[in-house]
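Report on the structure given below.
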Amino acid sequence: MSIFVPSAMTSGRSKAPTPNDMTSRAIPAGSVPPIAAKTADAFVWAGLTMPVALRRRLPRLATSSFLVAGDIASYLIVYFALLSILPSGSEGTIAERAFTVAALAAIVLYASAGLYPGYRLHDHEHLRRRTIAAVKVAVLAAFGAIILPEGERLLLAIVVFLGLGLIVQPFVHWLARGLCWRLGIWGERAVVIGGRNLAPALVAHFNNHWQYGIRLEPFSPDSLEALPGGGPSIAVITGDTGSFVPDLAAMRRKFAEVILLSDTPNLKVSGLRPADIGGEIGIRLTTGGSSINSDPVRRILDLAIAIPATIVVAPFIAIAAAAIYAIDPGPVFFRHAREGRSGKPVHVLKLRTMYQDAEQRLEALFRDNPAMRAEWLSHFKLKDDPRVLPIIGHMLRSSSIDELPQLANIIAGEMAFVGPRPFPEYHLSAMDGEFRDKRRSVMPGLTGLWQISERSDADIELQQQLDEFYIDNRSLWFDCQILLGTIPAVFKRRGAC
């Protein structure tokens, strides 16, 4: 019996079901157990206790390490196979070094292509990504061959080395995956939602085809809230997916990934072609802020930019502060509590651009001008705001110089350069609770997507849509694009951020 399938569902290794025998394996609607018995975890067996997030990540890291070791072993096998025909002396040493660099470059490209551990990929997709990586290394070697003397012979040796590696690696990779499976660290726990009559067939299918890395358990959407925090991290949706649209948001909050299952060679379930979705077994919907691995990199980049930027802009902040004090004597900096990551308060620092009695001025304006109140309720900004200090206030807001003191918030780790803006409570109260929860999953930013897209022209609905798009598609490259887009947006002076 496979260790990845609940004993309640299987009594041995069964033949993979086909579309023709699914009906014979069907079970009455509503009879799927709410949550299958938990699959044993190798680290639990070892008597180790650790946080849930770490316990989920360790098997993946261990599996990736085994696969990397397998690829290194493959290249060593090829090297020893070629050793007898390699030239002796300095030429042989150069060839060995070239092999080492080529192997390391290929492994790095494998990692960037998502082949470690490579869950949820069809075998032909593994081959395609490996071949593309090997071709890239060969192209780089060709450029090197043009520069180096006797480079033509070295290029031929590297091409042969990489080509033989592609032949040996699938076999060694298969052995490494099998070892991880037997150790109980291969794959990720998942639940199947929808198509209740297909649940047993799907469990048996992913049991027999364990290489996909899906350790499937039957599940009932009625027990979604009762699912423990340390339970399965993936939800696989099949059958009539349209009926689950209302529950999709709740599923994405509960699971790290939601997969709309596509057809596989042995199981036709939905009509989605894997060729159209990158050779994967389904369309993945990831939760916002799930790119945890890139957060340390973001932090390093934020500090690398914020610290020197603070030194450069300090004189401009001092000049602006002096101008503010000259027009309206009093504190030149304004601190306001905003909602940050995980709901923690962030005391956002800004240059004061309004009169000290700004709130009283706003209340008086609303009493006398209902149109202004309507504009405020739509945007939470006013184009002709009587609270803003003359000349200096408008200049600082339109150029966003008043936001520069927030570099201190970035250095303190309370904000990032890119992220949803930390809004006041009255602004957030106009947004639905589900979206507010989503905003709390990421660090607030000095600039964001809606600032470079619409800036202060965006109403509440558009602000929410743009922020939600950013959170769902958050990446380092997306952050770089927003940072670059902030510069022209500021110079266009279309309004305050």
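Values quoted throughout were computed directly from the atomic coordinates according to the rules given, and no laboratory measurement underlies them. What you are looking at is a predicted structure, and each value in this text was computed from that prediction instead of being measured. Every residue, glycine among them, receives a Cβ derived from its backbone with ideal geometry; neighbour counts consider all protein chains shown.
Peptides 323-336, 162-175: what's the order by average Cβ count within 10 Å, highest mean first?
Values: 323-336: 14.0, 162-175: 17.2.
Per-residue Cβ counts within 10 Å, averaged per peptide and sorted highest first, yield 162-175, 323-336.
Backbone phi angles across the stretch 414-429, fed through the Karplus curve with coefficients 6.51, -1.76 and 1.60 (θ = phi - 60°), yield HN-Hα couplings of 8, 9, 10, 5, 10, x, x, 5, x, 8, x, 4, 5, 6, 5, 5 Hz in residue order; Gly and Pro are listed as x.
Computing FRET efficiency as 1/(1 + (r/R0)^6) for Arg284 and Asp432, where r is the C-beta to C-beta distance and R0 is 30 Å, gives about 0.75. To the nearest Å, what is the center-to-center distance of the stretch 90-158 and the stretch 403-424, using C-alpha atoms only? When both Cα centres are located, 42 Å separates them. Charge dipole of the stretch 110-160 (Cα centre as origin; +1 on each Lys and Arg Cβ, -1 on each Asp and Glu Cβ, all else neutral): 200 debye, rounded to the nearest 20.
Under a 5 Å amide H cut-off, with hydrogens placed 1.01 Å from N, Met354 pairs with Leu389 among residues at least 5 apart or on other chains. For Thr264, nonlocal amide neighbours, meaning residues 5 or more places apart or on other chains whose placed amide H falls under 5 Å from its own, are Val269. Residues whose amide H falls under 5 Å from that of Ile237, counting only those 5 or more places apart or on a different chain, are Ile193, Ile259, Leu260, Leu261, with hydrogens built in the peptide plane. Rounded to whole numbers, the Karplus 3J(HN,Hα) couplings from phi for the stretch 74-89 are 4, 5, 5, 4, 5, 4, 5, 5, 8, 4, 5, 9, 6, x, 8, x Hz, using 6.51 cos²θ - 1.76 cosθ + 1.60 with θ = phi - 60°, and x at Gly and Pro. The phi-based Karplus calculation (6.51 cos²θ - 1.76 cosθ + 1.60; θ = phi - 60°) puts the 3J(HN,Hα) values of the stretch 407-412 at 4, 5, 5, 5, 4, 6 Hz, whole numbers, x for Gly and Pro.
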